[in-house]
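Comments concern the structure below.
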Amino acid sequence: MAILEVRDLQKHFDRTPVLENISFSLEKGQSVAIIGSSGSGKTTLLRCLNFLEKPDSGTIWVDGQCIFDADDPATQREADVRQKRLHFGMVFQSFNLFPQYTALRNVTLAKELLAKAQPDFKQNKRAILDEIQAEGRELLARIGLADRADHYPHQLSGGQQQRVAIARALALHPDILCFDEPTSALDPELTGEVLRVIRSLAQQKTTMIIVTHEMAFARDVADQVIFMDGGVIVEQGPARDVIEHPREERTRQFLTRYSEN
(Lines give C-alpha, C1' and ligand atoms only; values in the text may rest on other atoms or scores of the structure.)
Protein backbone atom coordinates (compact mmCIF):
# COMPACT_ATOMS: atom_id res chain seq x y z
CA MET A 1 0.00 0.00 0.00
CA ALA A 2 1.25 3.49 -0.85
CA ILE A 3 2.23 5.71 2.07
CA LEU A 4 0.83 8.71 0.15
CA GLU A 5 -1.91 8.96 -2.46
CA VAL A 6 -2.94 12.27 -3.97
CA ARG A 7 -6.06 12.09 -6.13
CA ASP A 8 -7.39 14.80 -8.45
CA LEU A 9 -6.08 17.70 -6.37
CA GLN A 10 -7.03 21.16 -7.63
CA LYS A 11 -6.25 24.63 -6.36
CA HIS A 12 -7.21 28.08 -7.68
CA PHE A 13 -6.13 31.52 -6.56
CA ASP A 14 -9.15 33.68 -7.37
CA ARG A 15 -9.99 32.38 -10.84
CA THR A 16 -6.46 31.37 -11.77
CA PRO A 17 -5.85 27.60 -11.75
CA VAL A 18 -2.61 26.71 -9.97
CA LEU A 19 -3.08 22.95 -9.63
CA GLU A 20 -5.28 20.89 -11.93
CA ASN A 21 -6.14 17.22 -11.42
CA ILE A 22 -2.89 16.35 -9.62
CA SER A 23 -2.69 12.62 -8.94
CA PHE A 24 0.31 10.57 -7.83
CA SER A 25 1.31 8.02 -5.22
CA LEU A 26 4.45 7.37 -3.21
CA GLU A 27 5.58 4.10 -1.67
CA LYS A 28 7.16 4.00 1.77
CA GLY A 29 10.94 4.37 1.51
CA GLN A 30 10.83 5.97 -1.94
CA SER A 31 11.78 9.48 -3.01
CA VAL A 32 10.04 11.51 -5.68
CA ALA A 33 11.62 14.64 -7.19
CA ILE A 34 9.28 17.30 -8.57
CA ILE A 35 10.78 19.45 -11.31
CA GLY A 36 9.46 22.29 -13.44
CA SER A 37 9.76 25.98 -14.15
CA SER A 38 8.95 28.70 -11.64
CA GLY A 39 5.18 29.05 -11.36
CA SER A 40 4.45 25.48 -12.41
CA GLY A 41 2.69 24.68 -9.12
CA LYS A 42 5.42 22.72 -7.34
CA THR A 43 5.49 24.77 -4.15
CA THR A 44 1.71 25.10 -4.02
CA LEU A 45 1.46 21.32 -4.14
CA LEU A 46 3.73 20.99 -1.10
CA ARG A 47 1.78 23.70 0.71
CA CYS A 48 -1.46 21.82 0.07
CA LEU A 49 0.03 18.60 1.42
CA ASN A 50 1.12 20.44 4.57
CA PHE A 51 -2.23 22.27 4.90
CA LEU A 52 -0.67 25.69 4.46
CA GLU A 53 -3.10 25.96 1.54
CA LYS A 54 -6.52 24.35 1.26
CA PRO A 55 -7.18 22.47 -2.00
CA ASP A 56 -10.42 23.27 -3.81
CA SER A 57 -11.05 19.63 -4.72
CA GLY A 58 -9.47 16.21 -4.47
CA THR A 59 -8.29 13.92 -1.71
CA ILE A 60 -5.08 13.22 0.22
CA TRP A 61 -4.47 9.78 1.74
CA VAL A 62 -1.65 8.87 4.13
CA ASP A 63 -1.03 5.22 4.99
CA GLY A 64 -4.51 4.24 3.82
CA GLN A 65 -6.32 6.98 5.77
CA CYS A 66 -8.06 9.89 4.04
CA ILE A 67 -6.78 13.00 5.80
CA PHE A 68 -8.36 15.45 3.35
CA ASP A 69 -11.43 15.24 1.15
CA ALA A 70 -12.68 18.50 -0.35
CA ASP A 71 -16.21 17.05 -0.33
CA ASP A 72 -16.12 15.99 3.33
CA PRO A 73 -16.14 18.83 5.90
CA ALA A 74 -15.22 16.35 8.63
CA THR A 75 -11.71 16.11 7.13
CA GLN A 76 -11.25 19.89 7.09
CA ARG A 77 -11.59 20.87 10.75
CA GLU A 78 -9.06 23.52 11.76
CA ALA A 79 -8.61 21.78 15.11
CA ASP A 80 -7.14 18.76 13.30
CA VAL A 81 -4.65 20.61 11.10
CA ARG A 82 -1.73 20.53 13.55
CA GLN A 83 -2.05 16.77 13.95
CA LYS A 84 -2.28 16.24 10.18
CA ARG A 85 0.85 18.33 9.59
CA LEU A 86 2.81 15.82 11.65
CA HIS A 87 2.58 13.45 8.67
CA PHE A 88 4.74 15.85 6.63
CA GLY A 89 8.08 17.26 7.74
CA MET A 90 8.77 20.47 5.82
CA VAL A 91 12.13 21.94 4.87
CA PHE A 92 11.65 25.32 3.21
CA GLN A 93 13.81 27.42 0.88
CA SER A 94 14.65 29.81 3.70
CA PHE A 95 15.93 28.17 6.85
CA ASN A 96 13.32 29.69 9.22
CA LEU A 97 15.39 28.99 12.32
CA PHE A 98 14.66 30.84 15.55
CA PRO A 99 17.64 33.22 15.94
CA GLN A 100 17.36 33.32 19.74
CA TYR A 101 17.78 29.55 20.11
CA THR A 102 20.75 27.26 19.64
CA ALA A 103 20.85 24.67 16.88
CA LEU A 104 19.87 22.00 19.40
CA ARG A 105 16.92 23.98 20.73
CA ASN A 106 15.72 24.66 17.18
CA VAL A 107 15.69 20.90 16.62
CA THR A 108 13.97 19.98 19.89
CA LEU A 109 11.52 22.86 20.38
CA ALA A 110 8.52 21.42 18.52
CA LYS A 111 8.84 18.07 20.23
CA GLU A 112 9.12 19.78 23.62
CA LEU A 113 5.90 21.70 22.96
CA LEU A 114 4.09 18.53 21.98
CA ALA A 115 5.40 16.74 25.06
CA LYS A 116 4.07 19.48 27.35
CA ALA A 117 0.57 18.70 26.10
CA GLN A 118 0.82 15.10 27.32
CA PRO A 119 -0.93 14.27 30.62
CA ASP A 120 2.18 12.72 32.20
CA PHE A 121 4.54 15.59 31.33
CA LYS A 122 4.67 17.27 34.76
CA GLN A 123 5.17 13.94 36.47
CA ASN A 124 8.02 12.87 34.18
CA LYS A 125 9.28 16.26 32.95
CA ARG A 126 13.01 15.73 33.49
CA ALA A 127 13.14 12.28 31.92
CA ILE A 128 11.06 13.37 28.92
CA LEU A 129 13.17 16.47 28.26
CA ASP A 130 16.41 14.52 28.68
CA GLU A 131 15.21 12.00 26.10
CA ILE A 132 14.24 14.76 23.66
CA GLN A 133 17.62 16.45 24.12
CA ALA A 134 19.47 13.18 23.54
CA GLU A 135 17.49 12.53 20.35
CA GLY A 136 18.16 16.08 19.16
CA ARG A 137 21.90 15.64 19.63
CA GLU A 138 21.72 12.32 17.81
CA LEU A 139 19.97 13.98 14.86
CA LEU A 140 22.59 16.74 14.72
CA ALA A 141 25.31 14.09 14.72
CA ARG A 142 23.49 12.29 11.92
CA ILE A 143 23.74 15.37 9.69
CA GLY A 144 27.33 16.12 10.67
CA LEU A 145 26.71 18.94 13.14
CA ALA A 146 27.37 17.29 16.51
CA ASP A 147 29.94 19.99 17.30
CA ARG A 148 27.50 22.81 16.47
CA ALA A 149 24.69 21.90 18.87
CA ASP A 150 25.26 24.96 21.08
CA HIS A 151 25.82 27.43 18.23
CA TYR A 152 23.21 30.03 17.30
CA PRO A 153 22.01 30.44 13.69
CA HIS A 154 24.15 33.53 13.11
CA GLN A 155 27.20 31.43 13.98
CA LEU A 156 26.38 28.86 11.28
CA SER A 157 26.86 28.93 7.52
CA GLY A 158 23.82 28.77 5.26
CA GLY A 159 24.47 25.10 4.54
CA GLN A 160 24.72 24.34 8.24
CA GLN A 161 21.49 26.23 8.96
CA GLN A 162 19.67 24.24 6.30
CA ARG A 163 21.00 21.02 7.78
CA VAL A 164 19.64 22.09 11.18
CA ALA A 165 16.29 22.68 9.46
CA ILE A 166 16.43 19.12 8.11
CA ALA A 167 17.16 17.74 11.59
CA ARG A 168 14.25 19.79 12.96
CA ALA A 169 11.90 18.26 10.39
CA LEU A 170 13.16 14.75 11.20
CA ALA A 171 12.68 15.26 14.94
CA LEU A 172 8.92 14.68 14.74
CA HIS A 173 9.33 11.41 12.79
CA PRO A 174 7.10 12.41 9.87
CA ASP A 175 5.76 9.83 7.45
CA ILE A 176 7.05 11.93 4.55
CA LEU A 177 9.85 14.50 4.48
CA CYS A 178 9.19 17.37 2.06
CA PHE A 179 11.83 19.70 0.63
CA ASP A 180 10.95 22.92 -1.20
CA GLU A 181 14.03 23.91 -3.26
CA PRO A 182 16.31 23.26 -0.26
CA THR A 183 19.44 24.63 -1.95
CA SER A 184 18.01 27.68 -3.72
CA ALA A 185 19.04 30.08 -0.93
CA LEU A 186 22.59 28.71 -0.77
CA ASP A 187 25.78 29.72 -2.49
CA PRO A 188 27.00 27.04 -4.93
CA GLU A 189 29.84 25.97 -2.63
CA LEU A 190 27.35 25.21 0.18
CA THR A 191 24.82 23.34 -1.97
CA GLY A 192 26.80 20.11 -1.96
CA GLU A 193 26.72 19.64 1.81
CA VAL A 194 22.91 19.82 1.89
CA LEU A 195 22.52 17.52 -1.10
CA ARG A 196 24.83 15.00 0.58
CA VAL A 197 22.53 14.88 3.60
CA ILE A 198 19.46 14.35 1.40
CA ARG A 199 21.32 11.68 -0.58
CA SER A 200 22.15 9.92 2.70
CA LEU A 201 18.48 10.07 3.76
CA ALA A 202 17.48 8.50 0.44
CA GLN A 203 19.99 5.70 1.00
CA GLN A 204 18.42 5.16 4.42
CA LYS A 205 15.02 4.79 2.69
CA THR A 206 13.51 7.96 4.13
CA THR A 207 10.27 8.69 2.28
CA MET A 208 10.71 12.07 0.61
CA ILE A 209 9.19 14.58 -1.80
CA ILE A 210 11.88 16.89 -3.15
CA VAL A 211 11.06 19.99 -5.18
CA THR A 212 14.38 20.75 -6.82
CA HIS A 213 16.15 22.41 -9.73
CA GLU A 214 19.15 20.09 -9.33
CA MET A 215 18.51 17.79 -12.32
CA ALA A 216 21.55 15.54 -11.90
CA PHE A 217 20.69 15.09 -8.24
CA ALA A 218 17.07 14.22 -9.08
CA ARG A 219 18.21 11.72 -11.71
CA ASP A 220 20.69 9.98 -9.43
CA VAL A 221 18.84 10.05 -6.09
CA ALA A 222 15.08 9.99 -6.69
CA ASP A 223 13.14 6.83 -7.47
CA GLN A 224 10.52 8.79 -9.40
CA VAL A 225 10.42 12.19 -11.11
CA ILE A 226 7.32 14.30 -11.69
CA PHE A 227 7.54 17.11 -14.24
CA MET A 228 4.97 19.87 -13.73
CA ASP A 229 4.09 22.69 -16.10
CA GLY A 230 1.21 25.15 -15.86
CA GLY A 231 -0.25 23.48 -12.79
CA VAL A 232 -0.51 20.00 -14.29
CA ILE A 233 1.61 16.87 -14.18
CA VAL A 234 2.95 16.54 -17.72
CA GLU A 235 5.04 13.43 -17.15
CA GLN A 236 6.01 11.12 -14.32
CA GLY A 237 8.01 7.94 -14.11
CA PRO A 238 11.38 6.47 -13.08
CA ALA A 239 13.89 9.28 -12.57
CA ARG A 240 16.38 8.33 -15.28
CA ASP A 241 13.64 7.62 -17.80
CA VAL A 242 12.03 11.05 -17.37
CA ILE A 243 15.25 13.06 -17.31
CA GLU A 244 17.26 11.14 -19.92
CA HIS A 245 14.46 9.88 -22.19
CA PRO A 246 11.39 12.12 -21.73
CA ARG A 247 8.30 11.09 -23.68
CA GLU A 248 6.49 14.44 -23.68
CA GLU A 249 7.54 17.41 -25.80
CA ARG A 250 7.03 19.87 -22.93
CA THR A 251 9.37 17.81 -20.75
CA ARG A 252 12.01 17.76 -23.48
CA GLN A 253 11.74 21.52 -23.99
CA PHE A 254 12.12 22.19 -20.26
CA LEU A 255 15.14 19.93 -19.91
CA THR A 256 16.74 21.45 -23.01
CA ARG A 257 16.22 24.99 -21.69
CA TYR A 258 17.56 23.97 -18.31
CA SER A 259 20.72 22.40 -19.77
CA GLU A 260 21.39 25.55 -21.81
CA ASN A 261 21.23 27.85 -18.76
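The values are calculated or read from the model by the stated rules, or taken from the named source; none is laboratory data. Fair warning: this is a prediction, and the values are worked out from it, not measured in the lab. Cβ atoms come from the backbone with ideal geometry, glycine included; neighbour counts cover every protein chain shown. For accessibility, only protein heavy atoms count, side chains too; no ligands or nucleic acids. Shrake-Rupley method; radii C 1.70, N 1.55, O 1.52, S 1.80 Å.
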**Request:** Would you mind putting 44-57, 243-256 in packing order, based on average other-beta-carbon counts within 10 Å, highest first?
**Result:** 44-57, 243-256
**Complete:** Once all protein chains are kept in place, MET228 shows an accessible area at probe 1.4 Å, nearest 10 Å², of 0
**Complete:** Of all trypsin sites (Lys or Arg not before Pro) in region 193-233, the ones in DSSP coil with at most 16 other Cβ atoms within 10 Å are LYS205
**Request:** Please work out whether region 1-102 counts as rounded, prolate or oblate from its C-alpha gyration tensor, where a ≥ b ≥ c are the square roots of the eigenvalues and a/c under 1.5 means rounded, while otherwise a/b larger than b/c means prolate and anything else oblate?
**Result:** rounded
**Item:** Set of aspartates and glutamates near LYS122 by C-alpha distance (under 14 Å), chain-local residues within fewer than 8 positions excluded
**Value:** GLU112, ASP130
**Request:** Mind giving me the FRET efficiency for LEU129 and ASP175? R0 is 35 Å, r the Cβ-Cβ distance, nearest 0.05 is fine.
**Result:** 0.90
**Request:** Could you sort out which of LYS42/LYS116; LYS84/LYS205; LYS111/LYS205 sit more than 30 Å apart by Cα distance in this structure?
**Result:** LYS42/LYS116
**Request:** State the percentage of accessible surface on the chain attributable to carbon and sulfur atoms; use a 1.4 Å probe and exclude ligands, DNA and RNA.
**Result:** 46
**LEU109-VAL232 FRET efficiency (beta carbon distance; Förster radius 41 Å; 0.05 resolution)** = 0.60
**Request:** Please give every one of the aspartates and glutamates within straight-line cross-link reach of LYS28, meaning a C-alpha to C-alpha distance under 20 Å, and leave out same-chain neighbours fewer than 8 residues apart.
**Result:** GLU5, ASP63, ASP175, ASP180, ASP220, ASP223
**Request:** Just check region 136-261 against the gyration tensor rule for me: Cα atoms, a ≥ b ≥ c as the square roots of the eigenvalues, rounded for a/c under 1.5, and otherwise prolate or oblate depending on whether a/b exceeds b/c.
**Result:** prolate
**Item:** Computed E for ASP8/ARG199 - FRET, C-beta separation, R0 41 angstrom, nearest 0.05
**Value:** 0.80
